[in-house]
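Reviewing the structure listed below.
The values are calculated or read from the model by the stated rules, or taken from the named source; none is laboratory data. None of the values given here were measured: they were computed from a predicted structure. When we count neighbours, we look across all protein chains shown, and the Cβ atoms used for this are built from the backbone with ideal geometry, even at glycine. Accessible surface is based on the protein model in full, side chains and every heavy atom, while ligands, DNA and RNA are left aside. Shrake-Rupley method; radii C 1.70, N 1.55, O 1.52, S 1.80 Å.
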Amino acid sequence: MIQQPSTLSYADLEIGLHRRANARYSVEMSFSQPDSDTDIRLHRNEPVLFSIDLNQLARLQGDPAEYGRVLGASLFTEAVTTVYTQALSVVQSREMGLRVRLLIGPSAPELHSLRWETLREPQNGNLLLTNEGTVLSRYLSSQDWRPVRLRSREQLRALVVVANPADLADYQPGGQTLAPFDTQKELARTSFEDISVQVLTEQGTVTLNTIAAHLRDGYDILYLAAHGALVNNEPYLWMENEAGLAAVIPASELVTRIRELRQPPRLIVLASCQSAGTGNDYGPSRNEALLALGPQLAGAGVPAVVAMQGNIAVKTVDQFLPAFFAELQRDGQIDRAMAAARGAIRTENDWWMPVLFMRLKSGRLWYVPGFGGDSNDFEKWPALVRNIQRGNATPIIGPHLNTHALTPLADIARQWADDYHFPLAPYQREDLAQVAQFLSVSQDFQFPREELLEKLRTDLITRYEHLLTNGLDEAAMLHELMEAVNSYNRSHNPNDPYKILAELPIPIYITADFSTALSEALRAAGKDPQIEICRWHADLEQLPSIYTDDPRYQPSVEQPLIYHLFGVIDELIRW
C-alpha cells in the first residue's frame, strides 16, 4: 500500500487574463488562504495591462527555456510580480503551497495555445511549475451545474481504454504513420493500488458505444490511449468499430457522450497526441486549442482533464504517466501530482506538453478522512488510547464507515431522484428518507425497500466482480455477497476499520451503519456479538431481543452489544 505523505495546504492565486484594445491584455488577480473564508481581490484604480509578442513566441518553439523566459517577462509586469511575490511570501511563511489557477477569459481564446507550463519565475528565471510547492492548472468555465462531491479512495473505480484498430498503418495524419499502442506498456503505466480497475483493450470492443456503456456504470477515472489529431481545426480520434477497424470520429462525439452521463468521471487522462492542441497556433482569430478534446471535456463538466499539447514523444509519456499515477495515489492531489511528474521529465524537450485543466477547488480526487481541519492535529490521543485499553470507551460509528463496500445512501437517493423525477427542492435529493417517501406514494409501499436491496446487491456485484467464484454468482443473495465482501476486505486490508474495531476491548458499540460488517468482524475475532436495534416503530417490537432471552445479559468484551440506531440490513430483508 502506498503511504500518504503529510498533507500540504495550498493557498490559491487566481490569474485572469482578458483581451483589451490595441492587442493588449488585462490581468485580474485574487488570493485566498485555506483557513480564510474570504479572498483578496487585487484590483487597482487602473487595469494591469500587458502585451505578448505572439510572433516572437512562435519563433521560440524549439527552445522551451527561452520561450518560458519571454512568456514570463510578458506576464510578470511590475504590478503582477509584486502580487506574486507577496503571495509566495505569505505561503512560505506559513509553510503552505501556492496553487496558481490560470483563467483565460472568452475574449482571449488565442492565449490557450500558449505554452503556459514553460513559465519561468520573474526574479531568477527558474522553472515555475516543476516543484510541488507551486502548482498550476488551467481553469475553464463550464455550463455544467452538477455538483462534484469527493468520494473515499476505497470507492474509486478506474476504466483503462486502449484503442488499437487493426488498420492503423493505413492512416497518415500530418504525413506520419500511426503506430499501434503497446497494450502491456499502457497497462503498466496505469498501475493502481487499492483502486478497482476495468480494462478495455480487446480489438472490436473499444467502440464509442461500449465506452459509454461502461462509463454509465460509474467510473471516477478514465484513461484513454488513442491516437488523435487536429484536422481543419477539429480534433479527431482513431477509435474502433465492431470489426476492430478504425473508426475516425470527431472528438465532439465522445464529449457528447460524457456530457450525457449522470455523473462524468472525476479525472480523464488522455494519452494521445495533440489532445490539448498543437501548441503551434498563435493567430488572434483562431482558437485551435479550445477545439481540442481536453478543453472540450473540461467544458462538458469533467472536473479534471490531463491532456497533451502537441506531439509528445513516447519516451516522455513513458516517464510522465507512471510518475503522475504514483504521485496521485499518495494523496489524491491532482495538481501536485502533475507538478511532481513534470519535474520527472524536465530534461526532455517536450516536458511542457502535459497540461491540466481543472475545476476542483481542493485539487483532490478523493477526500481524506481525519479529525477536524487540515492543520490542527487531534490532541487527545493519549487519553483516548488509555480509555480504549481500559475498556472505558464506547465507539459511535457513523453511516459512512462502510462506503468502501456499500454504495452511499446519498448517491442512491440522487439516482432515484433523477430516475423517478423527484419533484421537491434540490437540497432534498440526497435525503434517502425523503426520496423513499415520495416513491412509496408514486409507486407502492414496498417499492423503496425492494429497490434499495436490489440496488445494493447489483452494486456489490459490479464493484466486486472478481469475488463471483466459490459458489457465488450474480444470483447470490445480498447477505451472501456482503459476507464475501466483508471477509475479503478484512483479509486483504490490514487497516480495515471493522477488523480494528473488533480487536479492541470494547463491550458496547453504537452504530449508524446498517450493514453486518461489524458483527461479522467480531465473530471473526472469536467474539459473540449481540444485536439490538432502535425500536422506533411499533412493528419493530416483535423482533427478538437478547434481553427477552436472557434478562441478566450484561455486555462484555467477549459478548459485546451492537446497538444499531437505524436498523440492520438483515431485518430489512426479513421485514
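Averaged per residue, what accessible surface does the chain expose to a 1.4 Å probe, in Å²?
47
Let me check I have the definition right: for the chain, take the eigenvalues of the Cα gyration tensor, multiply each by 5, take square roots. What are those semi-axes in whole Å, largest first?
Rounded to whole Å, the semi-axes are 48, 29, 22.
How big is the charge dipole of the range 118-273 about its Cα centre, in debye rounded to the nearest 20, if each Lys and Arg gets +1 on its Cβ and each Asp and Glu gets -1 on its Cβ?
Result for the range 118-273 is approximately 660 debye, rounded to the nearest 20.
For the pair His466 and Ala410, how long in nm is the line joining their label points, each one 7 Å along Cα→Cβ?
2.9
In the range 472-575, what GluC sites (Glu not before Pro) fall in a loop by DSSP, with at most 14 other Cβ atoms inside 10 Å?
When the GluC sites (Glu not before Pro) of the range 472-575 are filtered for loop state and at most 14 Cβ neighbours within 10 Å, Glu474, Glu503, Glu558 remain.
On a straight-distance basis, which aspartates and glutamates could pair with Lys361 in a cross-link, Cα separation under 12 angstrom, same-chain partners fewer than 8 positions away excluded?
Within the straight-line limit of under 12 Å, Lys361 reaches these aspartates and glutamates: Asp12, Glu14, Asp335.
Residue by residue through the range 238-250, what is 3J(HN,Hα) from phi via Karplus (6.51 cos²θ - 1.76 cosθ + 1.60, θ = phi - 60°)? Round to whole Hz and write x for glycine and proline.
After applying 6.51 cos²θ - 1.76 cosθ + 1.60, I find 8, 9, 10, 9, 5, 8, x, 8, 5, 10, 7, 10, x Hz.
Pairing the Cα long axis of helix 314-331 with the longest principal axis of the chain, what angle in degrees results, from 0 to 90 and rounded to the nearest 10?
Computed tilt is about 40 degrees.
Relative to the present Cα-Cα distance, how much length would full extension add between Asn126 and Ala512 at 0.36 nm per residue of separation?
Full extension from Asn126 to Ala512 adds 133.7 nm.
Hey, any idea what % of the chain's accessible area is carbon plus sulfur with a 1.4 Å probe?
Answer for the chain: carbon and sulfur cover 49 percent of the accessible area.
Can you figure out the FRET efficiency of Lys315 with Gln203, using R₀ = 22 Å and their beta-carbon distance, to the nearest 0.05?
The pair Lys315/Gln203 has a calculated efficiency of 0.30.
Remind me, relative contact order of the range 288-356 in percent, using alpha carbon pairs under 8 angstrom and six or more residues apart?
That works out to 36 percent.
Can you tell me the orientation of helix 409-419 relative to the chain, as the angle in degrees between its alpha-carbon axis and the longest Cα principal axis, to the nearest 10?
70
With each pseudo-label sitting 7 Å past Cα toward Cβ, what's the Thr458-Ala538 distance in nm, one decimal?
3.6
Output the relative contact order of the chain, whole-number percent, from Cα pairs under 8 angstrom with separation of 6+ residues.
Normalised by residue count, the contact order of the chain is 11 percent.
Measure of size requested: the Rg and Dmax of the range 483-575, with Cα atoms as the atom set and Å as the unit; please supply both.
Over the range 483-575's Cα set, Rg and Dmax evaluate to 13.6, 41 Å.
Only bridges with both residues in the chain count here: give the DSSP antiparallel percent, nearest 5.
In the chain, approximately 40 percent of DSSP beta bridges are antiparallel ones.
Suppose each label sits 7 Å from its Cα in the direction of the beta carbon; what would the Arg20-Asp63 distance come out to in nanometres?
Output for this residue pair reads 2.9 nm.
Report, ordered by chain and residue number, the lysines lying within cross-link reach of Lys455, taken as a straight Cα distance under 29 Å and ignoring same-chain residues fewer than 8 apart.
Lys499
Taking Lys185 as the anchor, which lysines have their alpha carbon closer than 21 Å to its alpha carbon, excluding any fewer than eight residues away along the same chain?
Lys315
Enumerate the amide H contacts of Leu561 below 5 Å, restricted to partners 5 or more residues apart or on another chain; note that Pro and chain-start residues carry no placed amide H.
Ile508, Tyr509, Gln530, Ser556
Please name whichever of Pro382, Val248, Leu561 sits farthest to the positive end of the charge dipole of the chain, dipole taken about the Cα centre and charges placed at Cβ: Lys and Arg +1, Asp and Glu -1.
Sorting the options by dipole projection puts first Pro382.
Rounded to the nearest 500, what is the 222 nm mean residue ellipticity of the chain from helices alone, with -39500 (n - 2.57) per DSSP H run of 4+ residues and division by all residues?
Calculated at 222 nm, the ellipticity per residue is -9500 deg cm²/dmol.
Do you know the relative contact order of the range 436-533, to the nearest whole percent, from alpha carbon pairs under 8 angstrom that are 6+ apart?
Computed over the range 436-533, the figure is 18 percent.
Roughly speaking, what is the stretch gain from Thr81 to Thr347, that is 0.36 nm per residue apart minus the C-alpha to C-alpha distance, in nm to one decimal?
Gain in length upon complete extension: 93.1 nm.
Using 0.36 nm per residue, how much length does the chain from Thr183 to His479 gain when fully extended, once their Cα-Cα distance is taken away?
Working it through step by step, the gained length comes to 102.7 nm.
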